[in-house]
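This report concerns only the one structure given below.
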Amino acid sequence: MKKRKLPETAEVVIVGVGGIVGSMLAYWLAELGVRNVVGLEKAAVIPSDIGSTSHASDFVFNTSHDKLSNWTTAYSRRFYEDNGFFLKRGGMEVCRPEDDARWEELKRKVASGKAFGTNVSLISAREAATKFPLLDENSIRGAMWDPDAGLVVPRSQDVVAAMVERAREKGALQTFSDTPATGFEIVGGRVTGVHTETGTIQTPRVVITSGIWGPLLGEMAGVPVPLSPVEHPLLFFGPLESIQGTEEFLVHPLFRDQGNSAYVRDTGRIHGGMLEWGYYEETNPRLVEPKDIGNPEKSMASLSMRHLDLEEIAEPLEKGFTTVPTLQELGWDERSSFNGLLSVSTDAASLIGESPEVRGFWLCEAVWVKDGPGCARLCAEWMTSGRPQMDMHSFDIARFYPAQKTPDFVRDRVFENAQTIYTPPIHPREPYVSQRQIFVSPFYEREKELGGHFDNEIAGWERAFAYETNREKLGDYLSQIPVRENEWDRRHVPYELANAEQLAMSASVGMINLSHFAIFDIEGPDAEKMLEFLSVAKVGGNTPDGRVIYTNFLDQDGGVHADLTISRLGNDRYRVVTGGADGNRDWVTIRNHRDDLGLDADIVIRTHDLATLGLWGPKAREVLGRFAGNEEVANEAFAFATAKELELRLPSGTQMRVWAAR
């Protein structure tokens, strides 16, 4: 059959419109007034039958310690519910009797849930068994209950079909199935077109919503997409006689046995009353190279569904029989069971925003069904107004430095994240084991000699949280620190030692390695104009050379984007110092504003050229004066909120020039 002719131009091209994210994005763009959107889909049909949405379990739980993740899930649940696509049955997360760590985690989840406005609570084993009668009451200690959890119904694919149709009805969307993007036209660092086998569409904006295929699309444009497809075993048991003839889409509440990294849900009428047991591999997750998706030796009818080896999950499955014995009684249906592919990113969060590498090339990736409408809404707002309603820093693709998007880094970090999707309970700032020592300061070896605790890596930099050699030296201060036996991150962070160091520094003097701070030198005819545009505080005009200005960068609506210092080095010469975690985002912001405003200014990244130390405490001036001369650091010569060069004379006879800011 002859394919329809592609339009020559589009305001936006969505690559991967047949999944939950792409279809929702098309809908939201239409709602926000965009009228020429083209949706491309690799699959022969829309909704797609080859992506993660096609086999998603479709349940929605709102239990996270992250504010933005809670918001996107809550927003998505309300959207599904308001549009008749949600069945609220409630859901529980159980804790086995011997799992003390899981019980503490459930308590924390309840606390976080209440802080974010959810209705979660702890319930007894008996209450749990009453709500979920397939449960062996004696197999658990208790559970967390979320009365608002439920299922997207009939299927998330039905949502896809409805959203695509609504966008079409508004005259905003044209879709083309069996039309994969084959490349991108990029001119001057900006995307200008999308190539397909049947033609090229000229467009200033492209959005990749291709899920597990995202890295392949990004590669075509020179944009790393730091995620990997991961196999997710899904087994089906039954049918269960008591629900086999039901007209309901879901009969029982959702059931998560996260201590066993598994969940159970019934399939209601959709799959003839079967029970679905899903598992997230906690020891040896099976990552799949994006180019290997669809391998004929491993794939089933859908490219995102792969053959399952029961031996790989035999042990957790046996453990699952102890909480839900009915599974063993029913026996599994081999023909229906499979490994589904899902997207996991390098920090387990979604990837949204304009890529740092190519302007106009947007991503909305690593988004699951439970967050689809919410994430797509934020992306659409960002694209159309420049201002999404939520702070996006934890999802912003610009949060990653280039070193955090290399193939080795992505593979190793995704592997770790895949191990902890359900278990064990991890701190939001849990230190990673893999891909460490990406960046180290010149003081790293000395810090190791001092017994540095380096479970505080950020943006690839090794940072010492505290130094073990101070334990004996700071006994008087340690005795003032209260014992916090239930501190969540205690196993990683010697909080009592860090607090003692802080007390000692406040009483005398201390030095902290700040080499992870991001530093940019900005120079050129328009440097002042650019920074004046971005900053709240005045940085130009009659601001004297050597002045250090603490300020914020704001967006066009007055929202805070960055928190940093700007030092005036001279006429149209500035130094920006910002936190390591936000350094790449801030650099991208400065660069993009320069380019969008057509300004002439060079931005030079100095982070790896300049080692940074902080000297604090009431005796800091006295200590610095020993090496620079007391007259050089006196208030008259070195006032507060100023910066200047100092020459340090070290005991070894070495002289060193440093740039010092106060």
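Looking across region 407-433, the residues that are closer than 22 Å to ASN456 by Cβ, in a loop (DSSP other than H, G, I, E, B), in contact (Cβ under 8 Å) with a residue 40 or more places away in the chain and out of contact with any helix residue (DSSP H, G or I) (no Cβ under 6 Å at 6 or more places or on another chain) come down to THR420, PRO424, PRO428, ARG429, GLU430, PRO431. Go through the residues of region 585-599 one by one and say whether even a single one is modelled with pLDDT of 95 or more, out of contact with any Asp or Glu (no Cβ under 6 Å at 6 or more places or on another chain) and part of a loop (DSSP other than H, G, I, E, B). Checked region 585-599: at least one residue is modelled with pLDDT of 95 or more, out of contact with any Asp or Glu (no Cβ under 6 Å at 6 or more places or on another chain) and part of a loop (DSSP other than H, G, I, E, B).
Inside region 470-503, residues that are among the hydrophobic types (A, V, I, L, M, F, W, C) and touching a residue at least 60 places away in the same chain (Cβ under 8 Å) make up a count of 1. Of the strands (runs of 3 or more DSSP E) lying entirely inside region 81-126, those carrying at least 1 residues that are among the aliphatic types (A, V, I, L, M), modelled with pLDDT of 95 or more and farther than 28 Å from ALA162 by Cβ are 91-95, 121-124. (1) in contact (Cβ under 8 Å) with a residue 12 or more places away in the chain; (2) surrounded by fewer than 23 Cβ atoms within 10 Å (Cβ to Cβ); (3) of a type outside the set (Asp, Glu); (4) in the same structural domain as MET305 (by TED's automatic domain parsing): which one isn't true of PHE79, the others all being true? Result: PHE79 fails condition (4) only. For VAL37, indicate whether it is over 25 Å from HIS232 (Cα atoms) and either touching a residue at least 24 places away in the same chain (Cβ under 8 Å) or not basic (Lys, Arg) (or both). The answer is yes for VAL37. Being assigned by TED's automatic domain parsing to the domain that holds PRO133, closer than 29 Å to LEU106 by Cβ, modelled with pLDDT of 95 or more and touching a helix residue (DSSP H, G or I) at 6+ places or on another chain (Cβ under 6 Å) is a condition met by no residue of region 308-315.
Filtering region 182-197 to residues that are in a loop (DSSP other than H, G, I, E, B) and surrounded by 15 or more Cβ atoms within 10 Å (Cβ to Cβ) leaves nothing. Taking (1) more than 29 Å from the chain's Cα centre (by Cα); (2) in contact (Cβ under 8 Å) with a residue 40 or more places away in the chain in turn, ASN260 satisfies each apart from (1). For the residues ASP136, ASP100, the requirement of being touching a residue at least 40 places away in the same chain (Cβ under 8 Å), more than 30 Å from MET305 (Cβ to Cβ) and surrounded by fewer than 16 Cβ atoms within 10 Å (Cβ to Cβ) singles out ASP136. Within region 277-301, the set of residues being more than 22 Å from PRO226 (Cβ to Cβ), among the aliphatic types (A, V, I, L, M) and surrounded by 14 or more Cβ atoms within 10 Å (Cβ to Cβ) comprises MET300 only.
The values are calculated or read from the model by the stated rules, or taken from the named source; none is laboratory data. A quick note: this is a predicted structure, and the numbers were derived from the prediction, not measured. Please note: Cβ atoms are built from the backbone with ideal geometry, for glycine as well, and neighbour counts cover all protein chains shown.
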